[in-house]
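One structure is given below, encoded as structure tokens.
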Amino acid sequence: MKFQIDRETFLEGLQQVQHVVSTRTTLPILSNVLIEADGDELKLTTTDLDVGVSGRIKADIESGGASTLPARRLVNIIRELPSSDVAVEIDGDNVASIRSGPSFFKILGLDQEEFPPFPDFDEAKEFALDQKTLRDSLRKTSYAISTDETRYVLNGIFCSLKDGMMTLVATDGRRLAMVEHEVEFPAGNETDVIIPTKAVNELQRLLGEVGEVRVRITDSQIAFELNQNVLVSKLIEGNYPNFRQVIPGEANDRVTIEREVLLNSVHRVSLLTSEKSNSVKLMFEDDQLHITANSPEIGEAKESLHVQYKGKKMSIAFNPDFLMAPLRNLDQDEVFLDLIDEMSPGVLKVDEPFLYVLMPMRVSQ
Amino acid sequence: MEEGRRKIIHIDMDCFYAAIEMRERPELKGLPVAVGGRKRGVLTTCNYEARKYGCRSAMPTFQALERCPHLVLLPVRFELYRQESQRIRKIFAEFADLVEPLSLDEAYLDVSHLRSNPEAVAAEIRDRIRETTQLTASAGIAANKFLAKIASDWRKPDGQFAIREDEVEAFMKTLPIEKIWGVGQRTAEKIHRLGVRTCGDLQQMPLVELDRHFGKFGRDLYELSRGIDHRRVNPNRERKSVSNERTFFEDVTTSEQGLEKLTPLIEELAEDYRDKHRDRRIREGFVKLKFTDFSITTAQRSMQEVDATELRKLLLEAWERGGGRPVRLIGAGVRFVPLGEGESGGQMRMF
């Protein structure tokens, strides 16, 4: 295999796939990127057996072929090359020669035969989604994914495609974020899957502002095809909890708040929380919101802001990080906080199909 | 990133419960003795005298009595065993901060910080245990938990064995795959069908192949068969769940049979919870099925106690997912609310 390529093109292509590469050193082939040269394109592929990514980039190919090279090392080399023209030649023993200006590198690769093949998607259900929609939806939900490994069904985003709707849900049992969008697909394609965190992270990296993403789903695998990339991942097996039942129905009181103002206030007040008392208290009365935090051994903080609230005086305590996470990931100027009482979940909404259920904290006082 | 060479000791008390009972009742000396719940119908443990007759822990009591009609069967006295275990753990604490108890009669110690030869340390610990409790312990010494645990079995009872760094390769080569943690009878059979008997054979198998056959466990096998194990000795390892499972000699083919098999599992689970984990709050229950093709499904839902009715529903739910595939293993268990996530002053949960 022999090709010439622009340094930046090569680097970008490699960076898009390198995050998947296994950090475990036990199997060298999983640390390698598969390079396939054909026509005027290079196809780059990595996998850790759970998640795999491939991408295509333009190259000037003199002779085609396939081989694998250590991904991280290759990225480090390409990044540092002195000239933007890079010439790569990989011989039959998988020894790569990389030339750029005055530099010459020789790296040892492994046979492409050893590289695990991507799974089969012959019997898959297919969907077409808008890239931007999916990207925004993931941004608005993924922060709520559980990191508790004992609850593995929560270690991903639940994706339901039913009744002409795509519903994405992430929760860790203390808060839950949900987004819904109308999507067209044949009725026979209805399905529920749980996409693991690592695949969600990779997907967010690949999704752009324009164009479609084609999604293919089998019993155990999911594939996303977009732009020049393909992402495949195992699905999480198991039953996602019945999240609909924890979404409160009618709220007693609705508060309308400016998103950034709330975010900044909570952030400042949270400076006086501690590990022991990690909560901020929100007290509502007559178009006023008072946010307070106090830690007996540190001190206290208080901020008051103007909101729209006509209900009775009430207060509720939340973990500040859980309150700030959705505020950081939404774009709307205004948010609505629906409350029932201090022991019931609060629901944060905006003027589009998004909601965030947040369980309060019990505070003694 | 690689840490320096570690010194790990695995201490395993020799037939702990039976040994305590024999110490308490010297008149039993020389007799085959077993400890076990008659109600549950299995031996919890038995002494070496009884093992000569083919008795084994976890063997159904009736079978044990068939093999050894004069077996002395004693009721289980957890309180007493717990007390002894406490005394032994105090001894461990004199040697290491990093002590990870696996059960009342087993623990890992990380003694990397001690300058002395870990084999001498192990011998000293065993001496101290003998002086304090008149009980014997066996020890395994190696650079990781996996090897230390295998080694403690090598000179049992009342002995110790070290696998030194330069011996690992030769040791693993001939080690039967059954010795690997997590390899049960069926997994062993499946591995045998691939023409693999020893860890040495297993080393010849490509990782991708192992992943294809055994999933994540296949990747563990890849490392374990080479004697590699990076798990740390974790003193705060908090029990996250308690469960009970059984692999059946004959596949279970109907959900009715499944429910029938599940009933004793739930009873034992409830007993385990009552006896050992009553201090923990339950968050959810689960039922696990392993099908004959080795795929696994787990059905779960939130519950606050060992709820037999709900667990039975979960079995049916999991059964449904199998679409009629025969089942070789049924498990039932409960997961706990993490310690420190108390009722008061804390974050409330929806599930």
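From the list A:Glu237, A:Glu190, which residue is at pLDDT below 95, assigned by TED's automatic domain parsing to the domain that holds A:Asp148, surrounded by 16 or more Cβ atoms within 10 Å (Cβ to Cβ) and farther than 30 Å from A:His306 by Cα? Spell out how you get there, then give the answer.
Details: A:Glu190 fails: surrounded by 16 or more Cβ atoms within 10 Å (Cβ to Cβ).
One residue alone meets the criteria, A:Glu237.
Determine whether B:Ile296 is surrounded by 17 or more Cβ atoms within 10 Å (Cβ to Cβ), more than 24 Å from B:Val168 (Cα to Cα), in contact with a strand residue (DSSP E or B) (Cβ under 8 Å, 6 or more places away or on another chain) and not small (Gly, Ala, Ser). Please lay out each step first, then the result.
On the way: surrounded by 17 or more Cβ atoms within 10 Å (Cβ to Cβ): no; more than 24 Å from B:Val168 (Cα to Cα): yes; in contact with a strand residue (DSSP E or B) (Cβ under 8 Å, 6 or more places away or on another chain): yes; not small (Gly, Ala, Ser): yes.
No, not satisfied.
If you check A:Leu176 against the conditions, is it in contact (Cβ under 8 Å) with a residue 40 or more places away in the chain and within 15 Å of A:Val51 (Cβ to Cβ)? Spell out the reasoning first.
Values: in contact (Cβ under 8 Å) with a residue 40 or more places away in the chain: yes; within 15 Å of A:Val51 (Cβ to Cβ): no.
Answer is no for this residue.
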Among residues of the stretch B:299-313 being buried (at least 19 other Cβ atoms within 10 Å of the Cβ) and within 13 Å of chain A (Cβ to nearest Cβ), the residue farthest from B:Leu329 (Cα to Cα) is B:Gln300
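Give me the residue from the stretch A:271-298 that is hydroxyl-bearing (Ser, Thr, Tyr) and in a strand (DSSP E or B) and, out of that set, farthest from A:Leu337 (Cα to Cα).
Let us first name the residues in the stretch A:271-298 that are hydroxyl-bearing (Ser, Thr, Tyr), namely A:273-274, A:277, A:279, A:292, A:295.
Among the residues that remain, those that are also in a strand (DSSP E or B) are: A:292, A:295.
Values: A:Thr292: 17, A:Ser295: 26 Å.
Filtering first and then ranking leaves A:Ser295.
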Entirely in the stretch A:24-63, the strands (runs of 3 or more DSSP E) that have 2 or more residues that are in contact with a strand residue (DSSP E or B) (Cβ under 6 Å, 6 or more places away or on another chain), closer than 26 Å to A:Leu235 by Cβ and of a type in the set (A, V, I, L, M): A:32-38, A:51-58
Filtering the stretch B:187-233 down to residues that are more than 14 Å from chain A (Cβ to nearest Cβ), in a helix (DSSP H, G or I) and closer than 29 Å to B:Pro101 by Cβ yields B:Thr187, B:Ala188, B:Cys199
Condition check for B:Glu124: out of contact with any Pro (no Cβ under 6 Å at 6 or more places or on another chain) and either surrounded by fewer than 23 Cβ atoms within 10 Å (Cβ to Cβ) or part of a loop (DSSP other than H, G, I, E, B) (or both): yes
With criteria (1) basic (Lys, Arg); (2) within 14 Å of chain B (Cβ to nearest Cβ); (3) within 30 Å of A:Leu203 (Cβ to Cβ), A:Arg259 comes up short on (2)
Among the residues of the stretch A:56-76 satisfying the criterion of being buried (at least 22 other Cβ atoms within 10 Å of the Cβ) and in contact (Cβ under 8 Å) with a residue 60 or more places away in the chain, which is farthest from A:Gly156 (Cα to Cα)? A:Ser67
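With A:Leu355, A:Leu348 as the choices, which residue is touching a Lys or Arg at 6+ places or on another chain (Cβ under 6 Å), surrounded by 15 or more Cβ atoms within 10 Å (Cβ to Cβ), within 16 Å of A:Arg259 (Cβ to Cβ) and not aromatic (Phe, Trp, Tyr)? Can you show your working first?
Numbers: A:Leu348 fails: touching a Lys or Arg at 6+ places or on another chain (Cβ under 6 Å).
Every option except A:Leu355 fails the conditions.
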Taking only the stretch A:227-255 into account, find how many residues are away from chain B (no Cβ under 14 Å), under 24 Å from A:Asp341 (Cβ atoms) and in contact with a Leu (Cβ under 8 Å, 6 or more places away or on another chain). 5
Checking the condition within 14 Å of chain A (Cβ to nearest Cβ) and assigned to a helix (DSSP H, G or I), which residue from B:Glu260, B:Glu317, B:Glu284, B:Glu267 passes? B:Glu317
Take A:Leu27 and tell me if it is surrounded by 15 or more Cβ atoms within 10 Å (Cβ to Cβ), more than 26 Å from the chain's Cα centre (by Cα) and at pLDDT below 95. yes
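Return yes or no: is A:Leu339 in contact with a Ser or Thr (Cβ under 9 Å, 6 or more places away or on another chain), among the aliphatic types (A, V, I, L, M) and in contact (Cβ under 8 Å) with a residue 24 or more places away in the chain? Write out each step before concluding.
Values: in contact with a Ser or Thr (Cβ under 9 Å, 6 or more places away or on another chain): no; among the aliphatic types (A, V, I, L, M): yes; in contact (Cβ under 8 Å) with a residue 24 or more places away in the chain: yes.
Considered against the rule, which asks whether it is in contact with a Ser or Thr (Cβ under 9 Å, 6 or more places away or on another chain), among the aliphatic types (A, V, I, L, M) and in contact (Cβ under 8 Å) with a residue 24 or more places away in the chain, A:Leu339 comes out as no.
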Can you pull out the residues in the stretch A:73-123 that are part of a loop (DSSP other than H, G, I, E, B) and touching a Lys or Arg at 6+ places or on another chain (Cβ under 6 Å)? A:Leu81, A:Ser84, A:Phe121
Please specify each residue of the stretch A:238-270 satisfying the condition of being assigned to a loop (DSSP other than H, G, I, E, B), more than 22 Å from A:Val179 (Cβ to Cβ) and within 27 Å of the chain's Cα centre (by Cα). none
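Quick one: which residue in A:Thr147, A:Thr167 is closer than 23 Å to A:Leu323 by Cα, touching a residue at least 12 places away in the same chain (Cβ under 8 Å), surrounded by fewer than 19 Cβ atoms within 10 Å (Cβ to Cβ) and of a type outside the set (D, E, K, R)? Break it down into steps so the answer makes sense when it comes.
On the way: A:Thr167 fails: surrounded by fewer than 19 Cβ atoms within 10 Å (Cβ to Cβ).
Going through A:Thr147, A:Thr167 in turn, just one is closer than 23 Å to A:Leu323 by Cα, touching a residue at least 12 places away in the same chain (Cβ under 8 Å), surrounded by fewer than 19 Cβ atoms within 10 Å (Cβ to Cβ) and of a type outside the set (D, E, K, R): A:Thr147.
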Scanning the stretch A:157-183 for residues that are hydrophobic (A, V, I, L, M, F, W, C), within 24 Å of A:Lys234 (Cβ to Cβ) and away from chain B (no Cβ under 14 Å) gives A:Ile157, A:Cys159, A:Leu161, A:Met166, A:Leu168, A:Val179, A:Val183
Only residues in the stretch A:89-115 that are surrounded by 14 or more Cβ atoms within 10 Å (Cβ to Cβ) count as the first member; pair them with residues that are of a type in the set (Lys, Arg) and not in a loop (DSSP other than H, G, I, E, B), Cβ under 6 angstrom, at least 6 apart or cross-chain, and list the lot. A:Glu89/A:Lys2; A:Ser97/A:Lys106
Looking at the stretch B:211-218, is at least one residue surrounded by fewer than 19 Cβ atoms within 10 Å (Cβ to Cβ) and in the same structural domain as B:Val337 (by TED's automatic domain parsing)? no
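The values are calculated or read from the model by the stated rules, or taken from the named source; none is laboratory data. The model shown is predicted, which means the values in this text are computed figures rather than measured ones. Note that each Cβ is placed from the backbone with ideal geometry, even for glycine, and that neighbours are counted across all protein chains shown.
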